[in-house]
Amino acid sequence: MNRITGAIKATYNFFSGDAIILSAVIVAFVLGIILAQAVKAPNVVVALLFVAIIVASLVATLSRELVGRKRS
């Protein structure tokens with residue numbers, strides 16, 4: 001069981017050190033696929049939504065780090 005847990009942790013650390021970024025990337029890909037294939041949205045709309053989700057996750061991660069950091 002320790003090997004499985006270690007492998008999952010190593011995979012998580014490899015792809016993303018932060019859960020917000022990792023989950024946002026998964027959501028961005030899923031929504032992009034749904035918009036592109038099911039809704040037949042233009043590629044520009046899909047790309048803009050994808051970038052917006054990624055940037056929002058980066059901003060959320062940065063703001064979380066800034067709030068958690070003690071200022072001297």
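The values are calculated or read from the model by the stated rules, or taken from the named source; none is laboratory data. Values in this document were obtained by computation on a predicted structure and should not be read as measured data. With ideal geometry, Cβ positions are generated from the backbone for all residues, glycine too; neighbour counts draw on all protein chains shown. Just so you know, the surface numbers come from the protein's heavy atoms only, side chains and all, with ligands and any DNA or RNA stripped out. Shrake-Rupley method; radii C 1.70, N 1.55, O 1.52, S 1.80 Å.
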> More than 16 Å apart: what percent of Cα pairs in region 18-72 qualify?
Replying inline: 47
> Once the Cα atoms of helix 2-15 and of the chain are each reduced to a long axis, what angle between those two axes, in degrees from 0 to 90 to the nearest 10, is obtained?
Replying inline: 60
> Counting Lys +1, Arg +1, Asp -1, Glu -1, what net charge surrounds ILE20 among other residues with beta carbon under 13 Å of its beta carbon?
Replying inline: -1
> On a 0 to 90 degree scale, rounded to 10, what angle separates helix 43-68 from the longest Cα axis of the chain?
Replying inline: 20
>> Show log10 I(q)/I(0) for region 1-45 at q = 0.24 Å⁻¹, two decimals, from a solvent-free Debye sum over equal Cα scatterers.
In response: -0.80
>> Please list 3J(HN,Hα) in residue order for region 23-28, calculated via the Karplus relation 6.51 cos²θ - 1.76 cosθ + 1.60 where θ = phi - 60°; whole Hz, with x for glycine and proline.
In response: 5, 5, 5, 4, 4, 4
> In the chain, carbon and sulfur make up what percent of the accessible area (probe 1.4 Å)?
Replying inline: 72
>> With +1 on the Cβ of every Lys and Arg and -1 on the Cβ of every Asp and Glu, and nothing else charged, how large is the dipole of the chain about its Cα centre, in debye rounded to the nearest 20?
In response: 260
